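**Q** Right, I'll just put the structure down here and ask away after.
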Amino acid sequence: MRIAGWISLLTLLVGGATVAQTLPDGPLFMGFYETWTELPIASPEFTKLAQLPDSLDLVAIAFVKPSLTFDGVTLKSTGLEVPFDAPMLAKAIGALRKRNPKAKILLSVGGSGYNKQWPDYAPEQLLKLVKFLGADGVDLDYEPANPACAHIRLNDQSTINCGSEQEWVRIIRMTRAVFPRPYVVTAQAWSVGAYGVGDFARDIPPSPWTGSMLWLAKTPEAKELDVVAVMAYDSGPSFDPERAMAAYRAVWSGPLLMGIEVPSAESKELPTPVNRIKRLANVESKDAKGGILLYAVTEEVKAGPSLNRPDGELAAKAICEGLGRKGC
């Protein structure tokens, strides 16, 4: 076997061995930028994107259609909703990179709004867009409407098998075929996706998505992911994000981020107060491969932010402080 072959085999076996070369040191802070909140402004350096906090290690630009096409100029058929064209978006990304050179900038593909488009996933078009914009990789936000999970008996033990697992495998394979490392590939994981087996067999709340991410522990394609970010929100008052993170850590040893949401005006989710955000971030700061995902840094609060109902900017500051960073 040639040297290159040995290197490829070693990377596959250890999973994420090249991550240290492409990601900042952990714990990590990942934030979503909602393109539909951007202002129609003429100067790229004054866009919301370019002004994102420099405490961010990963920026996820939301959302790209899985079935996108890109003509090199317009963004209409990509799913991105900024009020300007691709050259302007590329300049805004360049301005952000100048302010925060360590950050990895990703295009987030999918989301709940585009979850029916994955059968027509077009990673080659996605690569064309990533290269044009000067991004560092992609975030896979596959949210199946029905993960088709069922309890089964395997080797005298109860486990969960989900139909959505094969779709995850297909998506990751197609993505890495055109985005080899050092491109960064991250994945969004359902809140209760690691529940349902072992010490977490009876954790609440019950959900059709319980166990839908257990494939992280058994599927070789999981090693192709650089980061798993848990959407630890939108699961009701009985959901415990810290317990969910413990369940995920039992099946995934790589970089793992706890998601915190700034609820939109339409959301029924209760806001997370600043002191709670700081505490959760502090908990995650103890894990060198831990961190926080914030959805979304650009979310605003209609009545104005407060300590009990922070907007994205105030939440990002609290996370930065909770992670023990300076200059927040």
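**Q** List every residue whose amide H lies under 5 Å from the amide H of Glu143, counting only residues 5 or more places away in sequence or on a different chain, with H placed 1.01 Å from N in the peptide plane.
**A** Gly111
**Q** Turning to a different aspect of this structure: Rounded to the nearest 500, what is the chain's calculated 222 nm mean residue ellipticity when only DSSP H runs of at least 4 contribute -39500 (n - 2.57) each, over all residues? Let's see the in-between values first.
**A** Numbers: 8 runs with 88 residues, N = 328.
Helices in the chain give a 222 nm mean residue ellipticity of -8000 deg cm²/dmol.
**Q** Evaluate the relative contact order of the range 28-150 (contact order divided by residue number), counting alpha-carbon pairs under 8 angstrom at least 6 apart; express in whole percent.
**A** Values: 228 pairs, mean separation 35.2, N = 123.
The normalised contact order for the range 28-150 reaches 29 percent.
**Q** While we're here: Give me, ordered by chain and number, the residues 5 or more places off Cys149 or on other chains with an amide H under 5 Å from its own placed amide H.
**A** Gly163
**Q** Where is the GNM fluctuation largest for the chain (alpha-carbon springs, 10 angstrom cutoff): Asn282, Asn155, Asn100?
**A** Asn155
**Q** Counting alpha carbon pairs within less than 8 Å and at least 6 residues apart, what relative contact order, in whole percent, applies to the range 90-183? The partial results should precede the final answer.
**A** On the way: 91 pairs, mean separation 27.1, N = 94.
In percent, rounded to a whole number, it is 29.
**Q** Okay, next question. Let me spell out the model: positive unit charges on the Cβ of Lys and Arg, negative unit charges on the Cβ of Asp and Glu, origin at the Cα centre of the chain. What dipole size does that give, in debye rounded to 20? Intermediate values should be presented prior to the final figure.
**A** Working: 34 positive and 36 negative charges, 149 e Å.
Using Cβ point charges on Lys, Arg, Asp and Glu, the chain gives about 720 debye.
**Q** Each residue of the range 24-38 in order: what ³J(HN,Hα) in whole Hz does its phi give by Karplus 6.51 cos²θ - 1.76 cosθ + 1.60, θ = phi - 60°, with x for Gly and Pro?
**A** After applying 6.51 cos²θ - 1.76 cosθ + 1.60, I find x, 5, x, x, 9, 10, 10, x, 8, 10, 8, 4, 6, 9, 5 Hz.
**Q** Using Cα positions and a limit of under 27 Å, work out the lysines in reach of Lys289, with same-chain residues fewer than 8 apart set aside.
**A** List returned: Lys98, Lys102, Lys104, Lys218, Lys223, Lys278, Lys317, Lys326.
**Q** A further question follows. Using Cα pairs under 8 angstrom and six or more residues apart, how large is the relative contact order of the range 26-322, in percent? Each step should come with its number before you reach the end.
**A** Numbers: 623 pairs, mean separation 53.2, N = 297.
The value is 18 percent.
**Q** While we're looking at this one, here's another question. Sum up the charges of everything whose Cβ sits under 10 Å from the Cβ of Ala265, counting Lys and Arg as +1 and Asp and Glu as -1, but leave Ala265 out.
**A** Details: positive: Lys302; negative: Glu266, Glu299, Glu300.
Net of charged neighbours comes to -2.
**Q** Same structure, new question: Above 13 Å lies some portion of the pair distances; for the range 248-305, what is it as a whole percent of all C-alpha pairs?
**A** Working: 1092 of 1653 pairs.
Here the long-distance tail beyond 13 Å is 66 percent of all Cα pairs in the range 248-305.
**Q** Just to confirm my numbers, what's the Cα centroid distance between the range 129-198 and the range 53-111 in Å?
**A** Computed from Cα coordinates, the inter-centre distance equals 22 Å.
**Q** A follow-up question, please. Can you list residues whose amide H is under 5 Å from Gly290's amide H, if they're 5+ apart or on another chain and H is modeled 1.01 Å from N?
**A** So Gly290 has HN proximity to Leu28, Leu256.
**Q** Now a separate question. With θ taken as phi - 60° and the coefficients 6.51, -1.76 and 1.60, list the Karplus ³J(HN,Hα) couplings across the range 276-292 in order, rounded to whole Hz; mark glycine and proline as x.
**A** 5, 4, 4, 5, 5, 5, 5, 4, 5, 5, 6, 9, 4, 10, x, x, 10
**Q** Determine the principal axes of the Cα atoms in the range 47-107, then give the extent along each, sorted from largest to smallest and rounded to whole angstroms.
**A** The Cα atoms of the range 47-107 stretch 31, 20, 15 Å along the principal axes, largest first.
**Q** Just going by the charge dipole of the chain, with Lys and Arg at +1 and Asp and Glu at -1 on Cβ, which of Pro310, Ala247, Ser158 is farthest out on the positive end?
**A** Final value for the positive-end residue is Ala247.
**Q** Could you run the Karplus curve 6.51 cos²θ - 1.76 cosθ + 1.60 with θ = phi - 60° over the range 307-315 and give me ³J(HN,Hα) per residue in whole Hz, x for Gly and Pro?
**A** The phi angles translate into 5, 8, 9, x, 8, x, 5, 5, 5 Hz.
Where a number appears in this text, it was derived from the coordinates with a stated rule and is not lab data. The structure displayed is predicted, hence computed values, not measured ones. Positions of Cβ are generated from backbone atoms using ideal geometry, with glycine treated the same way; all protein chains shown enter the neighbour counts.
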